[in-house]
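Below is one structure, written out as structure tokens, with a few remarks after it.
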Amino acid sequence: MSNDPVLDVEQLKTYFYLDEERVAKAVDDISFSIYPGETVALVGESGSGKSITALSIMQLINKPGKIVGGSISIASEEILTLSSKQMEKIRGNDIAMIFQEPMTALNPVFTIGNQISEILRKHKKLSNKAAQEKAINLLKTVGISRAEEIVNEYPHQLSGGMRQRVMIAMAISCDPKLLIADEPTTALDVTIQAQILDLMADMKEKFHMALLLITHDLGVVSEYADRVMVMYGGQIVEEAPTSKLLELTKHPYSQGLLESLPKLEEDVDRLGTIKGTVPPAYDFPSGCRFSSRCPFVMEKCKQSSTDLKKIDQDHFVRCYLYENGGSEE
Amino acid sequence: MYKYIIRRILVFIPMLIMLSIIVFALAKAAPGDPFTGKILDPEVDPAVFEQQREALGLNDPLPVQYVNWASKIATGNFGESMYYKGRSVQSLIKERIVNTLYLGLFALAITLIVAIPIGIYSARNPYSILDYSATTFGFLGLAIPNFFFGLIAIYFLAIKLGWFPAQGTITSTDVSGWTEVWDRVHHMVLPGITLGLAGTATYMRYMRSEVLDVLGSDYIRTAKAKGMSERNVLYKHTLRNAIIPIITLMGFEFGALLSGAIITEQVFSYPGLGTLFINSITNRDYPVIMAITLLLGVTILIGNLLADIFYSIVDPRIRYD
Ligand SMILES: Nc1ncnc2c1ncn2[C@@H]1O[C@H](COP(=O)(O)OP(=O)(O)OP(=O)(O)O)[C@@H](O)[C@H]1O
Ligand SMILES: [Mg+2]
């Protein structure tokens, strides 16, 4: 899209030190940027490191995890070197995050109004009264009609969809530059999912945010994302604009993900699956991390792996198959 | 919410009646009465005992005895002591209950002041040296019986070091004002710590596991993601949730504290309800035994009632069930 990236991640590494010998390389050397107004999807199977990537950006990694290398900047300002006090001013203010489980993401003992207004009091220095009024407005903005009553209610009185709306209201309350949504609809009813995603897309437009959308639903990707990053084993294995990635899929892993997706226009008996499961992050195969499951595996894939290579101006793949500028063999 | 509290109080009444029936039945089921031990006294004609039994209503049918007893205690009249002739049970209890109450509150205060901060610290720094020490102390605190700890405390802290008095509630009765308060507190330190020991260990473990649990929950992550400060996350979001089970525990523990006082008071010759209770058992002073048992039962019921009410105040999820 335009000018400077909102978020720039360079060679980020987040490891979990499980015990003396085992280190789970949950995020291992990933780099990407997100530009203003863009929606970027991060997809991959369970355990591929999507959530840890998001939590690393927020610097909410708990022990035994640790960000061991790389750099993260928000609007060209490095945030990995900030003190925890300075980082508090960034969270919720410059970057907001929405989580997968709306049922447990809100504190059960405080009212909705309290939980929305505390973020306004913190970052916008609003008075109690002003914050409460703004909270009501925000709830209306996210499509909650009984906003005046809801502010005085507790999370357990709301449905999952409503709670996710509250989370969105909280997320947009301080006009963040970037909104990270980690599988925001996975825990919701199918009928509610589209509403929530549409709401997020609306909010993104209205508040000029960039959106990092974590999902493993490629249907969602095709509808909402401008660009897609496919993640496997803590690394980005393919990155391209959405239409290109869906139509000119290169990496065998991305192809596998697509084949496991039901298509309306085709009548197949069985959906494709990727054989095996994601290896644990402390025990990746040497060489290419997908080599243990790849249908096109070659001898050298087991010895070493390649970098994310540019095969087209905006299409990147990490695979020996495309070593020579994208021609398949 | 008021509905909930009223309903809860209504349930309290049948429980009270049940309790009184049980206390009455237990007292009646125990062998012997105040005259049993003296029946062999050749100086006294057995017919005199029989006469007195008749006069005290001990020969009436049980339901009649119960109704008589219950209707009297309902008006606050617990009858006369059978041992301390001419003294009403109320006056005996009144004399002692304040001491026990102070001791109980003192022990509870020590418990909370020690256990909650340590529990929180342990949860925030799990597997630290202090956490391990607290765990060890916790096991010891639970494993060592009250009376044994009390005896050790008396031996070292009272007799050897002379830091604290070993018994009683006050050194001399002609002090007043702050000197008196200080003297009383000084006397309460050893029995208070002894009485609070098991509770301290329990609360500490509870607090640790609760805080640890809450710190790992999704809503704490949300609070952090909102940019809330570490203080806010700990004191607002975490503690408010972690304290909920502690309040329930307090309701239960309050009764345990009073029953624990029975032994502790004995060890420290502390003139409270506990010593009165033990003496009354030795003397088969049934009206006093029944009154104190009932009182203990009522305290436990009230403790639970208060716990439920507080619970409904701090946890919005149970107000509307
Ligand atoms: N607390 C932790 N302790 C140890 N290892 C962890 C921890 N959290 C994550 N990991 C490791 O990081 C890897 C990536 O986890 P992550 O939660 O990012 O996966 P994900 O892509 O978000 O999966 P999902 O779709 O299930 O949410 C996991 O496979 C695991 O090995
Ligand atoms: Mg995840």
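Tabulated values for the structure
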{"read-out": "Within the accessible area of the protein assembly as shown (1.4 Å probe), percent carbon and sulfur", "value": "59 percent"}
{"read-out": "The protein assembly as shown - convex hull of the alpha-carbon atoms, volume per residue in Å³", "value": "245 Å³"}
{"read-out": "FRET efficiency, A:Asp312 to A:Ala201 (Cβ-Cβ, R0 22 Å, nearest 0.05)", "value": "0.25"}
{"read-out": "Beta bridge orientation in the protein assembly as shown: antiparallel %, DSSP, nearest 5", "value": "60 percent"}
{"read-out": "Percentage of interatomic Cα-Cα distances in segment B:85-155 larger than 21 Å", "value": "50 percent"}
{"read-out": "Percent RCO, i.e. relative contact order, over chain A, from Cα pairs under 8 Å lying at least 6 residues apart", "value": "20 percent"}
{"read-out": "Estimated 222 nm signal from helices in the protein assembly as shown, with DSSP H stretches of n ≥ 4 weighted -39500 (n - 2.57), rounded to 500", "value": "-16500 deg cm²/dmol"}
{"read-out": "Charge tally in the Cβ shell below 14 Å around B:Gly251, where Lys, Arg are +1 and Asp, Glu are -1, B:Gly251 excluded", "value": "-2"}
{"read-out": "A:Ser76-A:Glu153 pseudo-label distance in nm [points 7 Å out on the Cα-to-Cβ vector]", "value": "4.6 nm"}
{"read-out": "B:Asp213 paired with A:Asp189, simple spin-label distance in nm, labels 7 Å along Cα-to-beta-carbon", "value": "3.0 nm"}
{"read-out": "Solvent exposure of segment A:122-166 as accessible area per residue, Å², 1.4 Å probe", "value": "49 Å²"}
{"read-out": "Student exercise, chain B dipole from Lys, Arg, Asp, Glu Cβ charges, in Debye to nearest 20", "value": "1380 debye"}
{"read-out": "Value in Å of the Kirkwood radius, where chain A supplies the Cα pairs that are averaged", "value": "20.9 Å"}
{"read-out": "Exceeding the 26 Å Cα-Cα cut-off - candidates A:Lys50/A:Lys125; A:Lys13/A:Lys310; A:Lys204/A:Lys275; A:Lys85/A:Lys206", "value": "A:Lys50/A:Lys125; A:Lys204/A:Lys275; A:Lys85/A:Lys206"}
{"read-out": "Segment A:102-175 - convex hull of the alpha-carbon atoms, volume per residue in Å³", "value": "74 Å³"}
{"read-out": "Cα-based equivalent ellipsoid, segment B:212-271: semi-axes from gyration tensor eigenvalues, Å", "value": "40, 11, 7"}
{"read-out": "DSSP H segments from chain B that extend 27 Å or more along their own axis, Cα-based, with Kyte-Doolittle mean of 0.5 or above", "value": "B:2-29, B:89-124, B:239-267, B:286-314"}
{"read-out": "On Cα atoms only, tilt of A:112-123 relative to the major axis of chain A in degrees", "value": "80 degrees"}
{"read-out": "Cα lying deepest toward the dipole's positive end in segment B:92-271, options B:Ile246, B:Ile159, B:Gly104, charges on Cβ", "value": "B:Ile246"}
{"read-out": "Alpha carbon Rg of segment B:115-200, scaled by the compact-globule rule 2.2 N^0.38 Å", "value": "1.36"}
{"read-out": "Cut-off 14 Å, label 7 Å out along Cα→Cβ of B:Leu130, residues of segment B:227-259 by amide N", "value": "none"}
{"read-out": "Total charge dipole magnitude, the protein assembly as shown, about the Cα centre, Cβ charges on Lys, Arg, Asp, Glu only, Debye to nearest 20", "value": "1620 debye"}
{"read-out": "For q = 0.10, 0.15, 0.18 Å⁻¹, Debye-computed log10 I/I(0) when each Cα of segment B:1-159 counts as one equal scatterer", "value": "-0.74, -1.07, -1.20"}
{"read-out": "Angstrom value of the Kirkwood radius, inverse mean 1/r, which spans all Cα pairs in chain B", "value": "22.7 Å"}
{"read-out": "Principal-axis tilt of helix A:190-206 within chain A, Cα atoms, nearest 10 degrees", "value": "80 degrees"}
{"read-out": "Point-to-point label distance, B:Ser229-A:Glu247, nm (Cα→Cβ direction, 7 Å offset)", "value": "5.4 nm"}
{"read-out": "Net length gained if the chain between A:Ser304 and A:Leu60 were fully extended (0.36 nm per residue, minus Cα distance)", "value": "84.6 nm"}
{"read-out": "Extension gain, A:Leu258 back to A:Leu18 (0.36 nm per residue minus Cα-Cα distance, nm)", "value": "83.1 nm"}
{"read-out": "With Cα atoms, 0 to 90° folded angle of helix A:160-172 axis to chain A main axis", "value": "90 degrees"}
{"read-out": "For segment B:92-271: Kirkwood Rh in Å [reciprocal of mean 1/r, alpha carbons]", "value": "17.9 Å"}
{"read-out": "Cβ-derived FRET efficiency at R0 45 Å, B:Ala47 paired with B:Ile97, nearest 0.05", "value": "0.70"}
{"read-out": "Among A:Leu245, A:Leu106, A:Leu211, residue whose mean-square fluctuation peaks in a GNM of chain A (springs only between Cα atoms under 10 Å)", "value": "A:Leu106"}
{"read-out": "Contact order normalised by residue count of segment A:102-175, Cα under 8 Å, 6+ apart, percent", "value": "45 percent"}
{"read-out": "Net charge dipole size for segment A:1-126 [Lys, Arg +1 and Asp, Glu -1 on Cβ; Debye, nearest 20]", "value": "620 debye"}
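The values are calculated or read from the model by the stated rules, or taken from the named source; none is laboratory data. Everything quoted here is computed from the prediction, not taken from an experiment. Positions of Cβ are generated from backbone atoms using ideal geometry, with glycine treated the same way; all protein chains shown enter the neighbour counts. Remember, those area values only see protein heavy atoms, side chains included, never the ligands or the DNA or RNA. Shrake-Rupley method; radii C 1.70, N 1.55, O 1.52, S 1.80 Å.
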